[in-house]
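So the structure is just underneath, and the comments pick up after that.
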Amino acid sequence: MLKCNIDNTGKRLRLYSGLFDLLVAAIVMLITWFGLIETWGWIAGGVLLLIGLFAIFEALRGWCILRALGIKTPF
């Protein structure tokens, strides 16, 4: 079903971007926890968390949703 459609460079790029998204999500949520930004920080952190987890999933499976939909990506 999820046939590999990216090469090792694409996998590495998605893994690194996913880990970066998780890091930024944690920072945003910590800043929100300490009350330095408003409640929207929880929403932004949650969205970044989901994006990061999905990017890591793509990296581990070797599958890209955009390529599966027929959109050409450089990696």
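Just so you know, all these numbers are worked out from the coordinates, no wet-lab data involved. Every value quoted in this text rests on a predicted model; they were computed, and no experiment measured them. Methodologically, a virtual Cβ is constructed for each residue, glycine included, from the backbone with ideal geometry; neighbour enumeration extends over all protein chains shown.
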Among residues of region 1-25 being among the aliphatic types (A, V, I, L, M) and part of a helix (DSSP H, G or I), the residue surrounded by the fewest Cβ atoms within 10 Å (Cβ to Cβ) is LEU23
Among the residues of region 26-64, the number that are within 16 Å of THR9 (Cα to Cα) and surrounded by 14 or more Cβ atoms within 10 Å (Cβ to Cβ) is 9
- Query: If you check ARG67 against the conditions, is it surrounded by 14 or more Cβ atoms within 10 Å (Cβ to Cβ), under 23 Å from LEU2 (Cβ atoms) and over 15 Å from the mean Cα position of the chain (by Cα)?
  - Reply: yes
